[in-house]
1. Checking Leu126 against (1) among the hydrophobic types (A, V, I, L, M, F, W, C); (2) away from the ligand (no atom under 12 Å from the Cβ); (3) buried (at least 17 other Cβ atoms within 10 Å of the Cβ): exactly one of these is not met. Which one?
2. Name the single residue, out of those in the stretch 7-36 being part of a loop (DSSP other than H, G, I, E, B) and loosely packed, with under 15 Cβ neighbours inside 10 Å, that is nearest to the chain's Cα centre (by Cα).
3. Pick from Leu55, Leu37, Leu86, Leu78: which is touching a Cys at 6+ places or on another chain (Cβ under 9 Å) and not hydroxyl-bearing (Ser, Thr, Tyr)?
4. Restricting the search to the stretch 65-84, which residues are surrounded by 15 or more Cβ atoms within 10 Å (Cβ to Cβ), acidic (Asp, Glu) and in a loop (DSSP other than H, G, I, E, B)?
5. Run Val87 past the list (1) near the ligand (Cβ under 10 Å from one of its atoms); (2) out of contact with any His (no Cβ under 7 Å at 6 or more places or on another chain); (3) outside any strand (DSSP E or B) and report the number of the one that doesn't hold.
6. Can you tell me which residue within the stretch 12-60, out of those that are touching a residue at least 60 places away in the same chain (Cβ under 8 Å) and β-branched (Val, Ile, Thr), is nearest to the ligand (Cβ to nearest atom)?
Amino acid sequence: MPASLCGTWDIISNVNFEGYMIALGIGPHIRKIAVKLKLRKVVEQHGDQFVIKTLSTFRNYSVSFRVDQEFEEFTQGLDSKHVKSLVSWKENKLVCEQIGEKKNRGWTHWIEDDKLHLELYCEGQLCTQVFKKNVSE
Ligand code: VLZ
């Protein structure tokens, strides 16, 4: 069993979020706001069912899915695109492929050194985010 992703996590590093947002086609005004946000992840898991919430003072985004079951995702408030998403475990990593207009799009989550790691990728751009566990709630 891989270490649990569940809990509330606060961002401590964010590398090339700008490049990822450009690849998604997010415009300069929103990027300028988004790049400064202190993002929080709230991850809930019940068996194969996950809810991952990305919270910020500007916008929130939530996705719910079952592992190994393709679903329709609308990335509302991000780049606002319809994609077909599939999340599966690859070793100890939770891997999401997002098939749509953008090539090579998805993300990968894993736990390393008690931190939640996230790689967000789109069309050759890779953003790496690290979150530390929030223990106050
Ligand atoms: O997360 O794909 O944890 O959905 C940025 C939100 C979230 C605030 C970036 C900026 C993508 C809004 C989050 C304007 C662009 C994401 C997945 C993995 C789950």
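Computed from the coordinates by the stated procedures, all read-outs in this text should not be read as laboratory data. Being a predicted model, the structure only gives us computed values, none of them experimental. Note that each Cβ is placed from the backbone with ideal geometry, even for glycine, and that neighbours are counted across all protein chains shown.
1. (3)
2. First, the residues of the stretch 7-36 that are part of a loop (DSSP other than H, G, I, E, B): 16, 25-27, 35-36.
Subsequent filtering for residues that are loosely packed, with under 15 Cβ neighbours inside 10 Å retains 25, 27, 35-36.
Details: Gly25: 17, Gly27: 19, Val35: 14, Lys36: 16 Å.
Only one residue fits best here, namely Val35.
3. Details: Leu55 fails: touching a Cys at 6+ places or on another chain (Cβ under 9 Å); Leu37 fails: touching a Cys at 6+ places or on another chain (Cβ under 9 Å); Leu78 fails: touching a Cys at 6+ places or on another chain (Cβ under 9 Å).
Of Leu55, Leu37, Leu86, Leu78, the one residue that is touching a Cys at 6+ places or on another chain (Cβ under 9 Å) and not hydroxyl-bearing (Ser, Thr, Tyr) is Leu86.
4. The one that is surrounded by 15 or more Cβ atoms within 10 Å (Cβ to Cβ), acidic (Asp, Glu) and in a loop (DSSP other than H, G, I, E, B): Asp79.
5. Tallying (1) near the ligand (Cβ under 10 Å from one of its atoms); (2) out of contact with any His (no Cβ under 7 Å at 6 or more places or on another chain); (3) outside any strand (DSSP E or B), Val87 fails exactly one: (3).
6. It comes out as Val43.
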